[in-house]
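Student: To start, I am sharing the structure in question, which I have written as structure tokens.
What follows is calculated from the coordinates using simple rules that are stated; it is not laboratory data. What you are looking at is a predicted structure, and each value in this text was computed from that prediction instead of being measured. Methodologically, a virtual Cβ is constructed for each residue, glycine included, from the backbone with ideal geometry; neighbour enumeration extends over all protein chains shown.
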Amino acid sequence: MIKAVKGTRDILPPASAVWNHVESVAREIFRTYNYHEIRTPILEETALFARGVGAETDIVGKEMYTFEDRDGSSLTLRPEATASVMRAYIEHRLDQLPGVKKLYYIGPMFRRERQQKGRYRQFYQIGGEAIGSESPLLDAEVIDMSVEILKSCGLTGYQVLINSVGCSNCRPAFVELLKEKLAEVAPKMCVDCQRRAVTNPLRVLDCKVPEDQPIIETLPSILDHLDPVCAGHFATVRRVLDHRGISYEVRPRLVRGLDYYMRTTFEITHSGLGSQNTVLAGGRYDGLAESIGSKISAPGVGFSMGEDRLVMSVEGSLTETDSPLVIVTFTEGEATRNAAISAAAELRCAGIRSEVSEGKLKKVFEIANKLNARLAVICGENEVASGTLSLKDLVKQEQWTAASSELLDQVKKCLNK
Ligand code: ATP
Ligand code: MG
């Protein structure tokens, strides 16, 4: 028997309702912050991610689904969407439109990782990007907006972590200093850190290996090495968050190992998620446009939320959202069948969830009970001949007859009780 590919999964009802709920909450929050949806292709040229995510990263190094197309070109299933959004921004010259471009996306991403709880090979992200300005107000607004989405989905007990990683003016000197310190201590660290100490020293700060933590504590902090512009930028982000009453923790070790990440970085974690506890991550990427070959400068800031993890965190707390179900059934002949089909159509038109069910009445009622239906409408021969139908309240087990013309009123009355 063929099964779903490892690391992918089917999202079945009723869980799919939670996904829809989370997505519609996110869409509504995005709308109020004046973000509009962008849908980019799932397939992109491999070079976009190699440059836009960075060859040094785990994503590009070992997690991408890359294949050769029939014409020899190299394509990749998107592992994230920021690079695609930026490509679209430049390709369609969105910089020429007025104002900061505020875009959001919702959709699947693909990374060939080891499958575990909260980590899949096809997973979903909800993300927002504000492109076209360096203003720290946008950094704060993006954080504010992502917190609103989590809150509106009913999540509590999350933690906002922020940092600044400086810019191309102040970071190189810090990286040099870090390299010097690492030359002394790296041999005592994990193999990944030994490699990073040379190739990407910033990433050492982000190492999760417990044994390395005491050593990392002794390394210099980027926050002591920001130039005045970056320090001022970070101070404004913090002041706006304070003003909004958003609590956060400054984590000087929260870094991104890529050159185009500048200034603000942030993450939101949730304790209920176990070891994969990051619900979302974001930051400012002022050099991204240039790194994917653009001559147009496009500073931006954004976040990306792991929808699988968000759903996992709120799933238990959501109450049943399904509306009441009406089962419409009929006895024999085409006239009763037509009456049932018309009755269901009338109810659906009025927004009432209805299903036409055929078969012996006893069986129909059995299934109706299992489906938790609230009401049954029965179109029998005699009733149809006299312009009536029967209704049965499946909770109270009461049955009565009404004129067909009163169907909607009667059903509404019963459902509202
Ligand atoms: P992690 O440290 O968990 O690997 P990451 O740094 O690779 O995260 P990002 O690229 O920043 O993750 O993606 C943003 C968010 O997307 C993460 O915080 C997480 O919630 C979610 N995410 C990333 N990879 C996966 C995955 N394989 N399965 C499910 N969710 C994921
Ligand atoms: Mg990862």
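Student: Ranking 269, 66 by Cβ neighbours within 10 Å, fewest first, what do you get? List each step's numbers first, then the result.
Tutor: Numbers: 269 18, 66 15.
Going from least to most buried by this count: 66, 269.
Student: Where q = 0.10, 0.11 Å⁻¹, what log10 of I(q)/I(0) comes from the Debye formula for the chain, counting one point per Cα?
Tutor: So the normalised log intensities work out to -0.78, -0.88.
Student: Additional query: Extension gain residue 191-residue 73, at 0.36 nm per residue separation less the Cα-Cα distance, in nm?
Tutor: Net length gain for the segment: 39.0 nm.
Student: Now for a different question. Need one number: the % of Cα-Cα pairs in region 266-335 sitting beyond the 14 Å mark.
Tutor: 75 percent
Student: Just subtract the alpha-carbon distance of residue 152 and residue 242 from 0.36 nm times their residue separation and send over the number in nm, one decimal.
Tutor: On the way: separation 90, 0.36 × 90 = 32.40 nm, distance 1.99 nm.
Gain in length upon complete extension: 30.4 nm.
Student: A further question on this structure: Can you give me the Cα centroid spacing of region 63-99 and region 133-188 in angstrom?
Tutor: 25 Å
Student: Report the percentage of all Cα-Cα pairs in region 226-313 whose separation exceeds 18 Å, rounded to a whole percent. Let's see the in-between values first.
Tutor: Values: 2101 of 3828 pairs.
Pairs farther apart than 18 Å: 55 percent.
Student: Could I ask something else about it? What percent does the relative contact order of the chain come to when contacts are Cα pairs within less than 8 Å and at least six residues apart?
Tutor: Numbers: 707 pairs, mean separation 60.4, N = 417.
Relative contact order here is 14 percent.
Student: Considering the chain as a Gaussian network with a 10 Å cut-off on Cα pairs, which listed residue, 93, 337, 251, attains the greatest mean-square fluctuation?
Tutor: 337
Student: Picking from 83, 344, 231, which is most flexible by a Gaussian network model of the chain using Cα springs under 10 Å?
Tutor: Among 83, 344, 231, the largest mean-square fluctuation in the Gaussian network model of the chain belongs to 344.
Student: Given 40, 21, 405, which one lies farthest toward the positive end of the charge dipole of the chain, if we put +1 on the Cβ of every Lys and Arg and -1 on the Cβ of every Asp and Glu?
Tutor: Looking along the dipole axis, the top candidate is 21.
Student: Next question. In whole angstrom, and with the biggest value first, how far do the Cα coordinates of region 241-280 range along each principal axis?
Tutor: Computed over region 241-280, the largest-to-smallest principal extents equal 32, 31, 15 Å.
Student: If we sort 30-37, 67-74 on the protection proxy, mean other Cβ atoms within 10 Å, highest first, what's the order?
Tutor: 30-37, 67-74
Student: Can you give the direction-averaged projected area of the convex hull of the alpha-carbon atoms in region 167-310, in nm²?
Tutor: Computing the convex hull of the Cα atoms and averaging its projections yields 10.2 nm².
Student: Would you list which lysines come within 23 Å of residue 179, measuring only between C-alpha atoms, while excluding same-chain residues fewer than 8 positions from it?
Tutor: Qualifying lysines at Cα under 23 Å: 188, 208.
Student: So how strong a dipole does the chain carry about its Cα centre when Lys and Arg Cβ are +1 and Asp and Glu Cβ are -1, to the nearest 20 debye?
Tutor: For the chain, the charge dipole is close to 520 debye.
Student: Post the alpha-carbon centroid distance, region 303-351 to region 100-131, in whole angstrom.
Tutor: Here the answer is 29 Å between Cα centres.
Student: Would you work out which of 293, 248, 269 lies farthest towards the positive end of the dipole of region 186-317? Charges go on Cβ: Lys and Arg +1, Asp and Glu -1.
Tutor: 293
Student: Longer than 20 Å from Cα to Cα, which of 360/392; 370/412; 363/396; 362/412 are they? Say none if no pair is.
Tutor: 370/412; 362/412
Student: Helix-only estimate, please: 222 nm mean residue ellipticity of the chain, summing -39500 (n - 2.57) across DSSP H runs of length 4 or more and dividing by its residues, to the nearest 500.
Tutor: -10500 deg cm²/dmol
Student: Provide the convex hull volume over Cα atoms per residue for region 65-157, in Å³. Don't jump to the answer; show the numbers that get you there.
Tutor: Details: hull volume 13.0 nm³, N = 93.
Considering the Cα atoms of region 65-157, their hull volume per residue is 140 Å³.
Student: Additional query: Length gain on complete extension for the stretch residue 95 to residue 218, per 0.36 nm per residue less the alpha carbon to alpha carbon distance?
Tutor: Stretched fully, the residue 95-residue 218 segment lengthens by 40.0 nm.
Student: I would also like to ask the following. As a test of the definition: which semi-axes, in Å, follow for region 325-415 when you take the square root of five times each eigenvalue of its alpha carbon gyration tensor? Largest first, please.
Tutor: 17, 15, 12
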